[in-house]
Amino acid sequence: MTDKNPFNSNHASMLVADPPQLEYSLWRRALRVTLAVMGCVIIGTGLATYSWLNSLGVFKLDHRQIDTLTNFNYQNNSLVFDRNGAKIGEFFERYHVFVPHTKLPKHFIDALIAIEDRSFYEHHGVDFKGIARALLIRFKSGRARQGASTLTQQLIRNTILTPEKSLNRKVLEIAWALEAERYIPKDKILEIYTNSIFLGNGAYGVGAAAQRYFGKSIEDTTPEESALIAGLFQSPSRFNPAKYPERAKTRQIQVINAMRKTGVITPAQATAMRAAPLHYHPYKFMNEGSTAWFVDYIQETLPKLPGFEIKNTKQTGLRIYTTLDNSLQALAQRSISVYDSRLNDLRTRVGMVPDSINGGNKKATIEASMLVTDPRTGDILAMIGGRDYAKSQFNRTENALRSPGSAFKPVVYAQALMQGYKWSDVIYVSPVNIDNYRPRNMEDDYLTETTMMRAFYKSMNAPTMEIATKVGLQSITGLARKMGIQSSIKDEFGSALGSSDVTMTDLARVYGTFAAGGILTELSPISKITTADGTVVWQRKTIDQRQTRVLNSQISYLMTQGMRAVLTSGTGFKSSDLAAYAAGKTGTSNNSSDNWFCGYTADLVSVVWVGTDEHAPIYGNATGGSVALPIWDQFIRGSKSYRPAREFYRPDGIVEATVHPVYGHRTPSGARMYFLSNDQPKETESALETMENSSTGGYRHVFRH
Amino acid sequence: MFSVTKIKVIILTQALLSTCLGAGALEATTTPAKLPEPAKVATVAQKQPEEPAKTPLAPQKTPAHAENTKPSNDAAAEQTCSKLFQKFTLPLQDLWKRRGPDLRPENTDGYALIEEITSEQCKDAETRKAHIELLARILNSHSGKIGVILPITGNTYSKHMIAAFEAYVRSSNLDPKKILVVIDSQSKDEHVYQALASLIFEHRVTAIVGGTEASEATILRAWAAKVMVPTFLMSEPPATAPIAFVYYAHPTEKSLAKAAADANVRFGHKRVSILSPSDQHSDQFIFAFEEAAKINGITITDKVPYDSRRFDSMESAARKIFHLDASERRDELKKLYESAKKQAAKSGERFNPKMVALQPDIQQDAVLIPDNFKMVRHFAKIFGYLGVRRMPLFGHYEWRSQGLISPWDSFMNGSYFVDFQGAYTSLPDPIKISTPDSPYLAAADKIEQADFSLIAWRAIEWPLKLSQKKSDMRRKMDKLIPKKPENRTDVSFDANNTINWAPSVFTVTGNGSNTGHINLLGQ
């Protein structure tokens, strides 16, 4: 063995020629210098290391961080309930399903420890052997092939530190891991770890992952399912079974192999586990079914609630009590679904739209949505944002701005009635020119006459334009805003025919006002919000505070009768029998890209829309009456089971008369019309009818014998 | 039934016939034959209508004188008789043959004998005398009754007219039941003949009122002079020369058109376009207006027909009068189109070709639309649609309706129309109708009543006057009706035997409410 001591004989022999004292003295001096240098180096290094570690905070770790870790709140999902207290959905920043350590299945713990930290129960936060092993493997292979982080380190990395890769972070990770294990029991660390790590598909923790991938609690998973979940900790996105099933299977086998190596399972069990097929759920949304749109809507509504100050609503475990009626919601969904095949057929008549994914053009998809409200309370009772939430999460009831077409006309006629016009007033149907705006109908419509009532229930455009010019655009748009249209209304006469886009909630407010006898009740999807412990943090205003009268009850009643006539004699005649207790109006925009039926009973407002998101035209005479009305009809008939039909309230000051639908005079065989008292037509014959019945075809035929 | 023997007896008792008819007794050329004036006979006939056949004609010349001049007079008398036979007897025989089954000879006071007379009887002095005597009785005598022939079945206006006739008679303190003989023509020619036969042979009326329908008016017009009965027709006169005994007691489109032209002059409208209904019902009015316009120095800029059953036809007519499709404006349209396209591109808006339209080229001061108010309302809309902001429209009686002004269309402001009815409040009390909203507007179900009542009221005035002139021979009554100039408010007839009926002009205005106003323009 070579003596490397600087004071050994070989070195001393080199000084033999000099006097021995001098040699000795030189040696000693050299030794001192060397020692001094070495001491300086060591001290300097030590000081530098201390200084470095001190600068990192290793020596003054904030124990509040440890408290944060131990007090980790897993139950921060906000839950949404229907009007009867049944949970209909939840929302969150991170999807958690808390599982206490005691509920973690053994096979899962075995799998996790086998693949992630075999010496978990042996080390004190840092597996130095593991580090050495990893370094060795790295040295041999030239690249990192095995991680050496313990579960504790991973937990620290994911909760207290940032995921950056640096020496500083690694040192802190080790320090925190060692510190954490001084204060937190192993089982608790395991519990925090298994409940907090992101495992893909929006799931945080194994409880959430078991729900997302297998639709069951972690306690109910099989060993092979547990092995798959355990495999996700390394890289949830890379091994996501919903996206990469083959990779996930490979990873699962790695976990099973590791379990076998650690001896927690036998080779036979490993073989069986490897062979067992996995039935995991494909990716799905957190909230499913038709209520999902409503839950989304609730999320969007919370920040806008007046007086509600909680900002981070996704992490505060709110309990949100809504007005949704699950029975009506299901009925609304069925009412659309029952027409699925018809709506699919409609797609054959849809125009082409650009295909943003594949290029070129494609047929647009037919969508349908429905909003149901209670006109007296403003409660949103049902909200169907589209035909299939899984395919499209876009909520068409609130977020789609669409042209209402003739569904806007009730506002125009209500304003006319308010200004003294009456249903029997005669209009000469001809094209209209308003500041060079010249909408044209089919020419067959012209050269005719009609009462205002008939023009309304037959949804005639030219008479409506004429009325609009007479009553004034500003008064119409003003009333529309008063009645609840919050979307912007264009300052042009086309708005009278529904050219300004609105939302379904806009229309629900307008028709709700008619249904409630002229009182607008603000739509209100939430009745109360509490914290998880039941403390009320928000409650909606009283009904009186939410209501505003915008039409007098008589005008509102006249409009309701006009909209009953839509069903008995107009564009909604296919549902004529419903007029006994319902009223409504069709709407069809240009090229039938929007097809509406907005209707109501005394207790329910239901707005139905059918169209395409791309505003594609629908050919073949699609109208609100032909494609939206059947859905509305289905719903209103079904709703009788939940809201028994009753007649509309008739205020004082209303008279009825049978009136000629075209010429506006009273006649026993005419159409039933309603008027303000003393405003009904007095004439029993009109000159127009006299002319029509004349044998000469003329009027005042004294010269025509 | 009278027998030939009986006739001969009568003929013998009237032997002086030939002396009654001198050569000058007949002056019938274009005017009715001038019959002898058997005042005595007429008087007797009126006093003793029950036995007219027994009343001899009063001789104008002595038999002796007759004897002396027999050869020359006889020939002349025979010639006269033949002429009378041709002119009156044959038509009367024809009429007798057309009588209805209810008209029996015994109810004709001997008039039925006319059917027995032949031209041969003119050769014999005695039979000739009897012949002439009978003719004289038929054509001269009258009962003071007024015959009314109306198509009661199937028409509603007739009842209004009859009511007005009765009201007028009552207002003269007479009994309508004794004065009026009303017969339903059922709008059939054969019934008109039967009615005429009945009125002549049975009721021996003083005058006849009727002819509301064109076919009836034609028949009555043709027979009035033949039976020498003043006949008052309640329809538009034809554009032919007037005929004796035939009077038109009906407002005329000519007078209305003249009033319309006068109104244009008054409003300073020198250039007028005409929209002409293709069903031709207003052709007469338009023709008359064109004549009147020419006289008044008004230029007709366009005359465009339209089919009132088709919107495209009406729009096309309107486009024509405002030169919106004129080939010479093609370049103008092209420039407008390009300019609008550029403007849209500049503002980033979608170009809408429907917003590009030529502005109307207005070359007229007013537009005549002689159609009903409904068409006028539609034309007003079309004009507005084409970009015409203001254009006085004018028309006639067919405009007058609540429908013209309600609901109000401001385009109608400043328009006007002519009518034969003035204010409804000016109607005579017995035929007055209620006018709850305006003195110029009536309820739709009262308008026909008002129109036909007024026509009837005015048409019966002269027949009733004549019926009271019992001492006058009927064949002379034509001369009792004076001819007076136009534009009189009283009931009179002009040189063409057409009633003088002053039209009224109404203006149309609005005041911002949902109903406009119709006002009578001061004369």
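What follows draws every value from the coordinates through simple rules; no lab data is involved. Bear in mind the structure is a predicted one, so any value in this text is a computation, not a measurement. In this analysis, Cβ positions are derived from the backbone assuming ideal geometry, glycine residues included, and neighbour counts consider all displayed protein chains.
Summary table below
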item	result
Inter-chain Cβ neighbour average for residues A:683-689, partner chain, 10 Å	6
Cβ neighbours within 10 Å from other chains - mean over B:369-382	5
The range A:601-705: GluC sites (Glu not before Pro) in DSSP loop, at most 13 other beta carbons within 10 Å	A:647
Shape of the range B:176-285, Cα gyration tensor, a/c cut at 1.5	prolate
Rounded to 5, the percent of DSSP beta bridges in chain B classed as antiparallel	25 percent
The range A:26-67 residues near the modelled residue A:167 label - backbone nitrogen below 15 Å, point 7 Å along Cα→Cβ	A:45-56
Loop GluC sites (Glu not before Pro), the range A:158-239 (other Cβ atoms within 10 Å of the site Cβ: 14 or fewer; DSSP)	A:164
Formal net charge of residues neighbouring residue A:566 (Cβ-Cβ distance under 9 Å; K, R +1; D, E -1)	+3
Between the range A:587-635 and the range A:166-233, the alpha-carbon center distance in angstrom	50 Å
For residue A:527, residues with placed amide H under 5 Å, excluding near neighbours	A:321, A:322, A:323
Cut-off 15 Å between beta-carbons: net charge of the residues surrounding residue A:69, Lys and Arg +1, Asp and Glu -1	-2
Average partner coverage of A:661-667, which counts Cβ from other chains inside 10 Å	1
Dipole of the range B:128-240, positive direction: furthest Cα of B:172, B:142, B:211, with charges on the beta-carbon	B:142
Chain A: angle of helix A:326-337 to the longest principal axis, Cα-based, in degrees nearest 10	70 degrees
Amide hydrogen neighbours beyond the local backbone of residue A:88, cut-off 5 Å, H modeled	A:80, A:81, A:82
Chain lengthening between residue A:672 and residue A:576 when straightened (0.36 nm per residue, less Cα-Cα)	33.1 nm
Residue B:153 versus residue A:246: modelled label distance in nm, points set 7 Å from Cα along the beta carbon direction	10.1 nm
Net length gained if the chain between residue A:637 and residue A:23 were fully extended (0.36 nm per residue, minus Cα distance)	209.3 nm
Rounded FRET efficiency, nearest 0.05, which uses the C-beta distance separating residue A:355 from residue A:158 and R0 of 35 Å	0.30
Helix A:553-569 vs. chain A, principal-axis angle (Cα, 0 to 90°, nearest 10)	80 degrees
Spin-label model distance (nm) - residue A:272 vs residue A:187, 7 Å beyond Cα toward Cβ	2.8 nm
Global form of the protein assembly as shown, assessed from the alpha-carbon gyration tensor, a/c cut-off 1.5	prolate
Residue B:426-residue A:650 FRET efficiency (beta carbon distance; Förster radius 51 Å; 0.05 resolution)	0.65
The range A:274-351: trypsin sites (Lys or Arg not before Pro) falling in loop per DSSP and having at most 11 other Cβ within 10 Å	A:311
Unit charges on C-beta of K, R, D, E only; dipole of the protein assembly as shown, Debye	2840 debye
Spacing of the two label points (7 Å from each Cα toward its C-beta) at residue A:41 and residue B:280, in nm	13.2 nm
Simple Cβ-charge dipole of chain A, Lys/Arg +1 and Asp/Glu -1, about Cα centre, in debye nearest 20	1820 debye
Sites residue B:332 and residue B:94, calculated FRET efficiency, Cβ-Cβ separation with R0 60 Å, nearest 0.05	0.30
The range A:434-488-the range A:520-554 distance, computed between alpha-carbon centres (Å)	34 Å
Mean-position separation - Cα centroids, the range B:94-156 and the range A:39-102, in angstrom	131 Å
Rounded to 5, the percent of DSSP beta bridges in chain A classed as antiparallel	90 percent
Order by protection proxy (mean Cβ within 10 Å, highest first), peptides A:591-600, B:86-95, B:301-310	A:591-600, B:86-95, B:301-310
Gyration tensor (alpha-carbon) shape descriptor, the range A:409-455, a/c threshold 1.5	oblate
Packing-based order for B:103-116, B:428-441, using average beta carbon neighbours within 10 Å, highest first	B:103-116, B:428-441
